[in-house]
Structures are given as structure tokens and as C-alpha cells.
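A.B. asks: Encoded as C-alpha cells, here's the structure I'll be asking about.
The values are calculated or read from the model by the stated rules, or taken from the named source; none is laboratory data. For clarity, every value in this text was computed on a predicted model and none was experimentally measured. A quick note on method: Cβ atoms are made from the backbone with ideal geometry, for glycine too, and the neighbour counts reach across all protein chains shown. Surface accessibility is based on the protein's heavy atoms, side chains included, excluding ligands, DNA and RNA. Shrake-Rupley method; radii C 1.70, N 1.55, O 1.52, S 1.80 Å.
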Amino acid sequence: MDDRYNVSISDCNLYYSDFHALKDINIEIEQHEVTALIGPSGCGKSTFIKMLNRMNDLVEDCKITGNISIGGQDIYAKDLDINLLRKNVGMVFQKPNPFPMSIYDNIAFAPRTFGIKKKNELDDIIEHSLKQAGLWLEVRDRLRRNAMGLSGGQQQRLCIARALAADPKILLMDEPTSALDPISTGKIEDLISLLKQEYTIIIVTHNMQQATRISDKTAFFLLGEIIEHGKTDDLFSLPKDKRTESYVTGRFG
Amino acid sequence: MKSKAHNRQILRYRIAKWLAFTAFVLCILSLIAVLTFILIRGLPHINSQLLFGNYGKEPSIKPALVGTLYLVLISVLMAAPIGIGCAIFLTEYMKTSSRFVSIIHVAVETLAGIPSIVYGIFGYLVFVVALHFKYSLIGGGITLSIMILPVIVRSTEESLLAVPRSLREGSFALGTSKVRTIFSVVLPCAASGIVTSLILAIGRVVSESAVLILTIGMVVNKMPESLTSPGTSLALDVYYFGSHGYPEQAAATGVVLLILVVSINILATVLGKKFGKGELANG
Amino acid sequence: MMNKAYQFIRTREAVMRGLFLFCASFSILALGCICFFLFLNGVPFITKVGIANFFGTEWHLANASYGIFNMIVASIYVTALSTAIGVTVGLMTAICLFKFCPKKAVFALRQMINLLAGIPSVIYGLFGLIIIVPFLRDYLSPNGVGYGILSASIVLAVMVMPTIISVSLDALNAVPSSYYEGALALGATKEQSVFKIIVPAAKSGILAAVVLSIGRAIGETMAVIMVIGGSPVMPKGLFQSVRTMTANIAMGATELSGDPATALVATGVVLFVFTMLLNICFSLLKNGGKQ
């Protein structure tokens, strides 16, 4: 992989056994951009981002055709190391899923996986990741406590910190705020704006205001197809497609 | 207005209820009776000679205590890795609907349904006859390990399945390999459930006697020198004393066995509760 | 350098997968070994002494008579009687615990019953030996013998009761409460609703409890040999020393060698076949209950 982490997808189709979940996807995502994926439920947004770190491999009977490359590297190539791919393409899930261990161990999980064992190195990574996730001040004096004791919003930021500790280039977020209250949501949105300096972010959201607040570009999905992809401001103010217009003005979905 | 027939109906079921109540009282009383009589007959005869003395004129259960400990160690050390490994393969590597999983399930269920005396015959044929070990603790222990395998597989599988999928996904999404995910995330989450199953398995080993009568030789009066020497266990001693004219010692040994088994079960229940409440409740 | 680390991880993945696969296959392997050793030793013996001899009514080692028919009958007798007692009393107890008992008592009783389910069978046997056998001998037996079918059945019935209670209580609890409420709403009394609606609805679970207890009773050894007496004769009454298949195996186990020992193995084969048939019944019932 070269240093540029752009996502390039052409003629991609995805099937869950008989179900055609993604149809003829063509999209280019530049690095250091925040791309929001919007569209009604079940239209393939989550499937799309799971394709980028190959989490779909865990699903039975999932078949993918076409070309998907990140930084010029075909991520479905035979000799690709899937663990390295997932390290480079971090993911934050819809529901916070901290491991039932201490805050420290949660964040140290990925670095330890990749062979970092020295305590001072780990300490640095943990402090840095927690600061990036805006959680450091809240938890610095209870790093050894179980992560399950944190509030929902804190848990989600912990999951972001955990993903960042793996030193990813791209961050995938699958409706990261849908299970959170408005204040926590605001904190995470602020965080995303900061993180885009360093990472390429692809975020699935149901909330169109959120998409306009945080994203540079937006892609509108409908029934497994990308209907429209462009600058967020353009897509919301001057949608080119009738269906996009109906959706963003709230006529369906 | 209730008709006569209706009244008779109601009466009939009320009688049924009282019959059920009688059976209930009878049942509870008889179960209490088992405990009470064993305690009454046995407690006065527990003394240091019985527990720790050398087997001479007066019987002692010291060889049985040592033998039981050996059997627990051998069988659990053998069955735990295999049983846990089996459960891991079934839950982490196989789809729940797969053919292989159902075949293993059938095999495990069948193993669970085999009477212990048949395990005893198997152990006898393999270790005493085929391998010429003679009667030995190791032969008995290995036979027991096969017998407790279903207990370990079933409950480990259950606790592994109870670990939320989202945790595995979270781990994979960080680029963690499957083996590390299993050992660092899945197993720690299921730990208390697995430990509970191991404790229950220990309870089975301590309670078992029919397997041992055919495999370890029931030598009640000699301390086992090594794993390959014949020996006895607490449960076997209860039988031996009972049927060889020492009913008091049998009851006393029974009390020791009872205390041991009940505390093992209580330990398992307490741990199981902790697990049931779930450190994972909000995960 | 990175590549080497990943190579290592890949190898480790493959090795561990193989190990786990081995563990999973172990249960099949063990089952295969058990069948192999039992049948290899038992079946040739049966054909050698002749089916008529082996399933005959005379067990006399000095004459090379290895008939186990009496023991099969005794096993069936003891199993049937103990299951009848155990299931009746156990089921009634479960019904009481289910609806006719104060809620607070139910929890405590359930805990106690769970504990009793884990008690070693040899303890039940001892209870039979020091309490039931003398009692029957002194007060009930017409011929002054306390050992025999009745003692064994009582001991086994008490022993399987905890299992029957918890399995059938689970079955009763699994019946949707709307059934019960529906019956009450039609004017049925509490007793009618329970006996007419809930118990029939829990039928398959209760049947499973019955089959389970039959399996325990027919395979139980230690509790039985302590109270059964042990004479290899045809059972004719409740107070008569007889011998079940399991007792036959355990009693001869430590003393015999040669052909008589193989006769015990062959007895084990018969017992094994019996329990396998029961297991098949049980799984059929379980699957039937699911549908």
C-alpha cells in the first residue's frame, strides 16, 4: 500500500445468498474527507462499509464481485493479510461494544495484538488515543476500572479511542450516535470534525442534519444502489436526482 | 347457579389437588429423610482415626481422600482442554446449523446417556485387559474424563454462545486474529461459566463409583503409591464399608462425601449466578 | 519483517484450528472406541456360548451357564416400579410447586431439590441399606427379607425424583400463561385449569422427564447393588433377593476372570443396547416437542 489512503470501488456487486444487496457500486473517496452515507434502512449502507474492512467475511454466503481497492491495493486479493487490512481500516459500531475488561486493557488491545508490549510505549498510546477521543480528562484516574461502568456516550468514545489505538488510516463509523443521547452525540460530532485532519472517515447516519453538520461529501443509497454522490452542500441544496430530492426533503424514508 | 354436575367436577379437581399435595409432602419428607438419617447415623462416627488414621484394625478413609484427589486431577486435567476445545470449535469455527455440529451434538448426547457401569466396562477392557495396566488410578481417571466430557462441552458451549457477537466483531475490526480473539476476548468473557462447568464436572467425579469399581480395584486399605497403583475413592468406600459390615463408618464416610459434594454444588451455583447476572448485561 | 510476523500468526491460526478440530472429533472417537471395545468383546462371547444359553434363565458359572434373562426381567421390574413411583410423586410435587405452593417456599425448595439432584447415588444406596431395608424387613415383608425389588425401587424412586421435579417443572413453566388465564376466564377453577389445561400442554416435557428417569433407573448400579440382594433368580415378588443387569456386572467385577468376566462384558453390551434405544426415544421426543 502506498501512503495515500483513497478508496476506489468499481463495478462492485454484493450478494447475501440470493439477495442482491449492493448493485453496481462505483465510488471514489479521497483521503482526509468525511463521507456521510445516507438512505433509508436496509438500503446497503452498513453492508457497504463492512465491505471495506471485510467484516462481511463473517457472514455466511456473502459473495462479492468487482474491484475494491484502498490505496491502490485490491483488498479482496488472495494474498492480502486481512488482519493488517482491519488494522488500517478501523471501525466503530452502532452499539458501543467495549470489551468487559479495564479501560486500559480495552485500548491496549490492538497495540498488544500488533506486538507492542513495553509499558511506557503502551501508556503513551493509551494517553494519546484517549486524548484524541476526548475522553482522557474523564477517565485518566480510573484507567484500571472496568469499561462496562462507563456511560453509553463514554463507552462509544472509548470504542473510538480503541479503534484509533490501532493506528488506522481510515475510520468506518456505523451510525455511531444512534444509541446515544443528544449531548453525547454532540461530543462525538465535534470529535469527528477534529479527527478528519488525520483520518479518512466514512460514516453511516440516519440523521440528515448530522450529515450536513459533519461531512464534506455525501452519498445517497437506495435499494443497494448509490443514487447520488457529491459535495454535501450540493447534494442537500441542489440534488440532481428526483429520488435524492424526495429523500432529503423528507418525503420518504 | 352452579349445577350439581359442575359442583362434582370442581370437587374432583380439588381432591386431585389434595392428592398432589400429599405426594408433595411425601416427596419432600423422603428427600429430607435421606439427608437426616445419613447425618444422624454418620456424624457421631467421624473421628480422626477415620479421617486421617492409618488403615489397621479400624478403617480409615485417608487412602480414599488421596485417591479421590488423584481421580479429580487426572480426569479434569484431561477432560477440560478437550471439552473446552470442542466447544470452541463448535461455536467459533462452525456455523450453528452445520452438519458437523449436529453430528458432534449427537455424539456428546450419546456419551451423556451411557450408564456409568458401561463406562466402567470400557475402562476395564482398555486399561486392565488390553493395556495391562492392572487396576490403576490413571485408568479410572481417564475413563472418568470421557464420562465428564459431555458436562464440560455442553455448558462451555452454552457460555460461549452467550458471549455477544458484537464483542467478537469489535475484536476482529481491530485486526485481531481469530485465535487471539478467542483467547483474549471470548474465553475471558465466558470464564465464570466455564469454571462453573468444571466444578460441576468435579462434582460428577467425586460422586462416581460404578466406573471405579471396575477400573481402580477398590483397594481400601492401602495408600496409593503412584498414579499407576490401584486405589479407592470416597464413594467407593461408602459402598465397601456399607456392604462389608461397617455401616457406621459407611454413614460417616457418606457424610464426608455429602459435605464435599454439596459444597462443590453450592460453589458452582454461586459462580453460575454471578455469570447469569452477567458482567455482559449491557454489552 | 512485518511479513514474518504475519506468517507466524497464520501458522498459529492453522495449528490451533487443527487442535480445536481434534478436540471436537474426540467425542466421536471416544464413542467409537466404546462401541468397538464393547462389541468386540461381548458379541463373540454371546455367539460362542450360544444365544439360547446367554438369554436363558440359568446363571451358574460352574456349569458354564451364563443366562441373563432373569436379570433382564429384574432390571425391567425395578425400572418400571421405580419410574412409576418416582414419576407419580415427582410430577405431583412439580405441579404443587408450580401453582399450589407459596412463592417464597418454591425458591427454597427448588434450591434444595437442585442440591439433592447432585448427591452421589451411593448415598441413596446407603440410605436404602441402613434405613429402608431394615424397615421393610421388620415391618412390611411377609418373609423377613428386606432386600429386593421393593427396596431397590423405593431407593431409585427417591433418587430420580429431583430430576423429574426439575425437568417437569421447567416443562410446566414453559406453558404460556395465556393458556392458564384463558381457562380461568372461561370460569374454570384454579385446579381445573392446572390439571386440564397446563399439564396436558406440558405433555412432551413431562414425557421427556419420564424417559430420562427410566434411563437413570436402568443404568444405576451402586444404589441398586446395596439393596437388591443379588440372587440370580426369576423375580416373583416384591420381597425377594434378585439381581439386575447392572448389579450382575458390578458384583462379579472384581473377582472374576476368563469367561465369566467376559459374560459380564456381554451383559454390559445388552445394557448398552437398552440405553441406546432409550436415548433414541428421548431424542425423538425432544425433537417432537420442538415442533
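A.B. asks: Taking the options A:D123, A:D79, A:D61, name whichever one is touching a residue at least 24 places away in the same chain (Cβ under 8 Å), over 23 Å from A:E30 (Cα atoms) and surrounded by fewer than 14 Cβ atoms within 10 Å (Cβ to Cβ).
C.D. replies: Going through A:D123, A:D79, A:D61 in turn, just one is touching a residue at least 24 places away in the same chain (Cβ under 8 Å), over 23 Å from A:E30 (Cα atoms) and surrounded by fewer than 14 Cβ atoms within 10 Å (Cβ to Cβ): A:D61.
A.B. asks: Among the residues of the stretch C:37-65, what is the count of those that are surrounded by 21 or more Cβ atoms within 10 Å (Cβ to Cβ) and outside any helix (DSSP H, G or I)?
C.D. replies: Summing the residues that are surrounded by 21 or more Cβ atoms within 10 Å (Cβ to Cβ) and outside any helix (DSSP H, G or I) in the stretch C:37-65 gives 1.
A.B. asks: Mind counting the residues in the stretch A:101-111 that are facing chain B (nearest Cβ under 8 Å) and either more than 18 Å from A:M173 (Cβ to Cβ) or surrounded by fewer than 22 Cβ atoms within 10 Å (Cβ to Cβ) (or both)?
C.D. replies: Count: 2.
A.B. asks: To continue, here is another question. Please enumerate the residues belonging to the stretch A:184-221 that are in a loop (DSSP other than H, G, I, E, B) and open to solvent by 10 Å² or more (accessible area, probe 1.4 Å).
C.D. replies: A:K196, A:Q197, A:E198, A:Y199, A:H206, A:N207, A:S215, A:D216
A.B. asks: Hey, among the residues in the stretch C:262-288 that are in contact (Cβ under 8 Å) with a residue 24 or more places away in the chain and under 14 Å from the mean Cα position of the chain (by Cα), which one's farthest from the other protein chains (Cβ to nearest Cβ)?
C.D. replies: C:C281
A.B. asks: For the stretch B:107-135: of the residues being more than 8 Å from chain C (Cβ to nearest Cβ) and under 22 Å from C:N279 (Cα atoms), which is surrounded by the most Cβ atoms within 10 Å (Cβ to Cβ)?
C.D. replies: Out of the qualifying residues, it is B:G123.
A.B. asks: Under 9 Å by Cβ, and 6 or more places apart or on different chains, what pairs join a residue from the stretch A:139-151 that is facing chain B (nearest Cβ under 10 Å) with one that is assigned to a helix (DSSP H, G or I) and among the polar types (S, T, N, Q)?
C.D. replies: That search, which allows pairs on different chains as well, returns A:A147/A:N106; A:A147/A:Q154; A:A147/A:Q155; A:M148/A:Q155.
A.B. asks: Which numbered condition in (1) open to solvent by 20 Å² or more (accessible area, probe 1.4 Å); (2) farther than 23 Å from C:V211 by Cα; (3) more than 7 Å from chain B (Cβ to nearest Cβ) is the only one that C:F98 fails?
C.D. replies: (2) is the only condition that C:F98 fails.
A.B. asks: Check C:A152 against each of (1) away from chain B (no Cβ under 12 Å); (2) more than 23 Å from C:V73 (Cα to Cα); (3) open to solvent by less than 10 Å² (accessible area, probe 1.4 Å) and name the one condition it does not meet.
C.D. replies: Just one mismatch for C:A152, condition (2).
A.B. asks: Go through the stretch A:78-100 and give me each residue that's closer than 16 Å to A:S151 by Cα and more than 7 Å from every other protein chain (Cβ to nearest Cβ).
C.D. replies: The answer is A:Q94, A:P96, A:P98.
A.B. asks: Out of everything in the stretch A:2-53 that is basic (K, R) and under 17 Å from A:G66 (Cβ atoms), what residue ends up being farthest from the chain's Cα centre (by Cα)?
C.D. replies: A:K23
A.B. asks: Can you give me the number of residues within the stretch B:40-49 that are within 14 Å of chain C (Cβ to nearest Cβ) and surrounded by fewer than 16 Cβ atoms within 10 Å (Cβ to Cβ)?
C.D. replies: 3
A.B. asks: Just to be sure I understand, how many residues within the stretch C:151-170 are in contact (Cβ under 8 Å) with a residue 60 or more places away in the chain and over 30 Å from C:V133 (Cα atoms)?
C.D. replies: Residues that pass the stated criteria total 1.
A.B. asks: Restricting to the stretch C:126-140, name every residue that is surrounded by 24 or more Cβ atoms within 10 Å (Cβ to Cβ) and within 7 Å of chain B (Cβ to nearest Cβ).
C.D. replies: C:L126, C:F127, C:L129
A.B. asks: Also, I was wondering about something else. Hey, among the residues in the stretch B:57-96 that are hydroxyl-bearing (S, T, Y) and more than 19 Å from C:S27 (Cβ to Cβ), which one's surrounded by the most Cβ atoms within 10 Å (Cβ to Cβ)?
C.D. replies: By that ranking, first place goes to B:T68.
A.B. asks: Scan the stretch A:149-172 and tell me whether some residue there is open to solvent by 30 Å² or more (accessible area, probe 1.4 Å), touching a helix residue (DSSP H, G or I) at 6+ places or on another chain (Cβ under 6 Å) and of a type in the set (D, E, K, R).
C.D. replies: yes
A.B. asks: Residues of the stretch B:210-259 being over 24 Å from C:I228 (Cα atoms), open to solvent by 10 Å² or more (accessible area, probe 1.4 Å) and not in a helix (DSSP H, G or I), which ones?
C.D. replies: B:N221, B:K222, B:M223, B:P224, B:E225, B:S226, B:L227, B:T228, B:S229, B:P230
A.B. asks: Within the stretch B:142-164, work out how many residues are in contact with a Ser or Thr (Cβ under 7 Å, 6 or more places away or on another chain), over 24 Å from B:I117 (Cβ atoms) and not polar (S, T, N, Q).
C.D. replies: Summing the residues that are in contact with a Ser or Thr (Cβ under 7 Å, 6 or more places away or on another chain), over 24 Å from B:I117 (Cβ atoms) and not polar (S, T, N, Q) in the stretch B:142-164 gives 3.
A.B. asks: Only one residue in C:V87, C:V122 is modelled with pLDDT of 85 or more and under 25 Å from B:G42 (Cα atoms). Which one?
C.D. replies: The unique qualifying residue is C:V122.
A.B. asks: From the list B:S197, B:S155, which residue is within 15 Å of B:A268 (Cβ to Cβ), of a type in the set (S, T, Y), within 17 Å of the chain's Cα centre (by Cα) and open to solvent by 10 Å² or more (accessible area, probe 1.4 Å)?
C.D. replies: Residue meeting the stated conditions: B:S155.
A.B. asks: I've got another one for you. Only one of these conditions is not met by B:F52: (1) out of contact with any helix residue (DSSP H, G or I) (no Cβ under 8 Å at 6 or more places or on another chain); (2) away from chain C (no Cβ under 14 Å). Which number is it?
C.D. replies: Here B:F52 meets the rest and fails (1).
A.B. asks: Taking the residues in the stretch B:168-182 that are among the aliphatic types (A, V, I, L, M) and crowded, with 20+ Cβ neighbours inside 10 Å as candidates, determine which candidate is farthest from the other protein chains (Cβ to nearest Cβ).
C.D. replies: Here the residue is B:I182.
A.B. asks: Evaluate the following for B:Y93: is it within 20 Å of B:P230 (Cβ to Cβ) and within 8 Å of chain C (Cβ to nearest Cβ)?
C.D. replies: No, not satisfied.
A.B. asks: Would you kindly identify the helices (runs of 4 or more DSSP H) lying entirely within the stretch C:163-261 that contain at least 2 residues that are more than 9 Å from chain B (Cβ to nearest Cβ) and open to solvent by 20 Å² or more (accessible area, probe 1.4 Å)?
C.D. replies: C:177-185, C:203-219
A.B. asks: Sort out which residues of the stretch B:136-155 are within 11 Å of another protein chain (Cβ to nearest Cβ) and polar (S, T, N, Q), and write them in order of number.
C.D. replies: The answer is B:T143, B:S145.
A.B. asks: Right, another one. Would you point out the residue of the stretch A:222-240, among those that are part of a loop (DSSP other than H, G, I, E, B) and open to solvent by 40 Å² or more (accessible area, probe 1.4 Å), that is nearest to A:S178 (Cα to Cα)?
C.D. replies: Per the stated criteria, the residue is A:L223.
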